[in-house]
1. Based on DSSP, what percent of beta bridges with both residues in the stretch 139-210 are antiparallel, to the nearest 5?
2. For the stretch 303-346, with every protein chain kept in place, what is the accessible area per residue (1.4 Å probe, Å²)?
3. Is there a pair in LYS86/LYS236; LYS187/LYS446; LYS44/LYS236; LYS63/LYS266; LYS187/LYS236; LYS258/LYS355 whose C-alpha atoms are over 26 Å apart, and which pairs would that be?
4. Collect residues whose amide H, placed 1.01 Å from N in the peptide plane, falls under 5 Å from the amide H of ASN131; neighbours closer than 5 in sequence don't count.
5. Karplus couplings for the stretch 214-226 from phi (6.51 cos²θ - 1.76 cosθ + 1.60, θ = phi - 60°), rounded to Hz, Gly and Pro as x?
6. Around ASP72, under 9 Å between beta carbons, what's the net of Lys plus Arg minus Asp minus Glu among the other residues?
7. Would you grab the residues whose amide H sits under 5 Å from the one on GLU333? Only those 5+ places off in sequence or on another chain, please, with H modelled 1.01 Å from N.
8. Summing Lys, Arg as +1 and Asp, Glu as -1, what charge do residues with Cβ under 9 Å from the Cβ of ARG313 carry, ARG313 excluded?
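The values are calculated or read from the model by the stated rules, or taken from the named source; none is laboratory data. Just so it is clear, the structure is predicted and the values come from calculations on it, not from any experiment. For neighbour counting, all protein chains shown are included, and Cβ atoms are generated from backbone atoms with ideal geometry for every residue, glycine included. Areas reflect the complete protein model, heavy atoms only, side chains present, ligands, DNA and RNA absent. Shrake-Rupley method; radii C 1.70, N 1.55, O 1.52, S 1.80 Å.
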Amino acid sequence: MKMKGFSRIALLIFLLTTSIISQAVAVSDTTTVVILSVNDMHAKIDNFPRFKAMVDSIRKAEKYVLLLSAGDIFTGNPVVDQFPEKGQPIIELMNRTGFSASAVGNHEFDYGQEMLARRMNEAHFPFLSANILPDSSSPVSFKPYVIITLENGIRIGILSLIQVNDAGLPDTHPSRLEGLTFPDGLKVAPSYASLRDSCDVFIALTHLGYETDIELAGILPSLDLILGGHSHTLVKTPAVFNDVLIMQAGSGLRYLTKTTLKLYDKKLVSRHAETLSIPAFTKTDEELEQLILQYNDNKELNEVIGTALSDIRGSDELGSMMTDAMAAIAPIEIAFQNNGGIRVDNFPEGDITIKNVYQLDPFGNEIILFYLTPAEIRSLILNAYNRERAIDLQTSGIIYTVLTDAAGNGLEVEFRLPDGAAPDEKKAYATGISSYIASSYQFDHKDEGTSLYTITAQSLINYIRNKKALDYKGVKRAFVKSAD
């Protein structure tokens, strides 16, 4: 009897032990993977010390952490954009922070392909895009995707796609895209559906824009996560479309997206995403602080060239200033600046530096002179308006109004000269526009245009130096009204 009792106790102990071991195995089969992502940094390096400290703190708390960029790392800070090796500072900072991969954004081409190829060679991470196809003349090539295998064997598949506009190109100067073709990312994506079979987590790292990311989720439902860029959308409340979680972290390195994935037996069982404020993080990386102080210590960029007598705010006021600078160059009578090329919201009252100008206008576009009739000028304004059904061109030398139908479509354009006189319909006016507008916008013009070999930013630097004090408060030259 005692032996039977002992056997029962031994059996009970065995069963309990087996249960505990089995629970331990189950726990060990659960893996947490943290995906950190930023997008549209646009060379804004000043937050990097806090950003790196935040990333490092998460890496200390979690075993498996990937850091990704959804594109547009360049263009927006002259400290980076005007560096002797354009863009090199942000590559150095990304290397030190430990990025795992970056999508190719449209502004990655702003320095030209040769410069991009140099920066890619310096990067300790791959640049990805599945819908950029180079020919043999191009110095750049991109992997469509990468599969990162963690120490425990979990495979993270990362597919990337870039935005393409109505002209079939990303939004950058077309001359910088020679030798490259760009099929529509939404048409390319289904051909990578089989990538799902080669990975345990399937991520799209895109530079398409938030609305297009939603379309992508409908086309490629096998995705677990889309981390996007291009539209500068700040997603604070995670959204799921077609069972795909979509996140984006605004722009300018102000926010970090943290997505926590839990896998059991290499199968995804939960997703949680949140958006973290980088400036609110209290710790900084001291080495990066010193490095950024060195980058920012640029006497040429910090030179004061004039004074804003009051804040110069918004596209109307800033665009009027920019076009007045173009029109100050003989023989230009009329000038236009597209809103997309105005990259800051405000010149604050007080000193204006060269750095301020390059922050406003970082693209290096040349001024192109066209001799346009009033009918051709109306064609330019109307086609620009109908791209987004909104005022797109700021101007100097005229004041114009777009007449619209009930749906907001532009029907015709009325314009007058600054003195209120109607234009001479038989005259061809000397009109200055940027090389980007000249090559990317559709408009009627018999004249093929001539470069003045002056970039728009330099024309503004010269203009401010000459004027010394500027006041554009309340200036508005472009209007919309119903044709009814």
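1. 40
2. 34
3. On the way: LYS86/LYS236 33 Å; LYS187/LYS446 36 Å; LYS44/LYS236 21 Å; LYS63/LYS266 16 Å; LYS187/LYS236 29 Å; LYS258/LYS355 33 Å.
In this structure, LYS86/LYS236; LYS187/LYS446; LYS187/LYS236; LYS258/LYS355 lie more than 26 Å apart at Cα.
4. Under 5 Å from the amide H of ASN131: ILE162.
5. Values per residue, Gly and Pro as x: 4, 4, 4, 4, x, 7, 10, x, 6, 5, 8, 7, 10 Hz.
6. Value of the local net charge: -2.
7. Under 5 Å from the amide H of GLU333: ALA430, THR431, GLY432.
8. Details: positive: LYS473; negative: ASP311, ASP316, GLU317, ASP345.
Within the 9 Å Cβ shell, the charges total -3.
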